[in-house]
Every structure is written in C-alpha cells, then in structure tokens.
1. Rounded, prolate or oblate: which fits segment 102-157 when a ≥ b ≥ c are the square roots of the eigenvalues of the alpha-carbon gyration tensor, with rounded for a/c under 1.5 and prolate only if a/b beats b/c?
2. Quick one: if the Förster radius is 30 Å, what FRET efficiency do Tyr86 and Tyr136 give, using the C-beta to C-beta distance and rounding to 0.05?
3. I want to verify the translational diffusion coefficient of segment 3-62 in µm²/s; compute it with Stokes-Einstein, Rh as the Kirkwood radius over Cα pairs, at 25 °C and 0.890 mPa s.
4. Please give the FRET efficiency for Gln21 paired with Glu145, using the beta carbon to beta carbon distance and R0 = 35 Å, rounded to the nearest 0.05.
5. With springs only between Cα atoms under 10 Å, which of Cys127, Cys42, Cys110 fluctuates most in a Gaussian network model of the chain?
6. Quick one: length gained pulling Val59 to Arg32 fully straight, 0.36 nm per residue minus the C-alpha distance?
7. Note down the relative contact order for segment 12-157 as a percent, whole number, built from C-alpha pairs under 8 angstrom at least six residues apart.
8. Taking a cut-off of 20 Å between Cα atoms, list the lysines near Lys101, but don't count ones fewer than 8 places away on the same chain.
Amino acid sequence: MTFKAKSVLKDKFWIIENNEQLVGTMSWNDDRYMFSTTGETCFFDNKRQINQRFGSEIVWTDLSTPKEVTQEDLVVYEFPTSVTPYNTMYDVQRKLPLFTKSVKSKSLYCAGYYIIHFDKGWVKSFCPKLITVERYETKGPFRTEIEMRQELSRATN
C-alpha cells in the first residue's frame, strides 16, 4: 500500500490518500499530529508512530508550491484557457474544445473566448461552462480576445 500525505496548509494540514482514494486528514497542533477519519481520531507524537499505524512509509508531498505553468499548459486544441486544463476533449459535432479544472472534476468548460446572448443582451465570456453554452445562444470559440470583440460588435449592431 502506498499512502500519500498531500499538503493543504504547509506543515499544518494534509489529506491522506491510498491509491488516490481519500483515507482521512492529518493536522499538526504544535506538539503532535492528529489523524481523523469517519468515526476515528488518533494522535501521534512523530512520523515514525504514523508509519507504524499505517504499516508503511507515508509519502509527504507539498501541494502548496505549484509547478511553473507555461503558456503551452493553458491551451486546449489551440484555444486558450484560464487554468491548467485536465481531461481535454474535442466535441466534434458542436466544434467545442472542452476541459475540466481538476482531474476528478465532472464540470466541463469550453476553452477560448465566446459571446453569449442572455436576456439583457450579448456579453463576452472566457472559458464558460459547457452547460451555459448549451442553454444560451452563443458564438465562438475564438482564439483571441480581438476576434471575440469584433464578433460582439457585429452581434450588438
């Protein structure tokens, strides 16, 4: 078994996982560690005791120091995104570049610039949710903000 302690607050709070499945949480209270899971809370004086409890060495990772993100990381099928995309796909029928914002997320977003027609008129949007694009009249995706602004001025006239 491989247990991972993913840091949420540096040196204070971790999420404990086993094979990508949540096991519980671990926190540091100035003098000892507290492990919590549904129906159980345990206290430990050091990491050696924690390893004994889990029966294997825990891999401690620091999520608070993100890797450097480059412009190439923020693109889905040549369309820009607002965040690092995960689970990228291309909807061929609707011609939409889609992505999620995390590995486990089920909310789909559309990469690129769009204009969306709400009740009050046309508005610009960058990486809207797929459900918004499905519910309202839209134009896009556009690769640049300039293209989107040109189409917005045509649509409002």
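What follows draws every value from the coordinates through simple rules; no lab data is involved. All values reported here derive from a predicted model rather than from experimental measurement. In this analysis, Cβ positions are derived from the backbone assuming ideal geometry, glycine residues included, and neighbour counts consider all displayed protein chains.
1. Here segment 102-157 falls in the oblate category.
2. The formula returns an efficiency of 0.75 here.
3. Values: Rh = 11.4 Å.
It diffuses with D of about 215 µm²/s by this estimate.
4. Here the calculated transfer efficiency is 0.30.
5. Cys42
6. On the way: separation 27, 0.36 × 27 = 9.72 nm, distance 1.83 nm.
Taking Val59 through Arg32 to full extension adds about 7.9 nm, to one decimal.
7. Working: 227 pairs, mean separation 17.5, N = 146.
Computed value for segment 12-157: 12 percent relative contact order.
8. The reachable lysines, counting only those whose Cα sits under 20 Å from Lys101, are Lys6, Lys67, Lys129.
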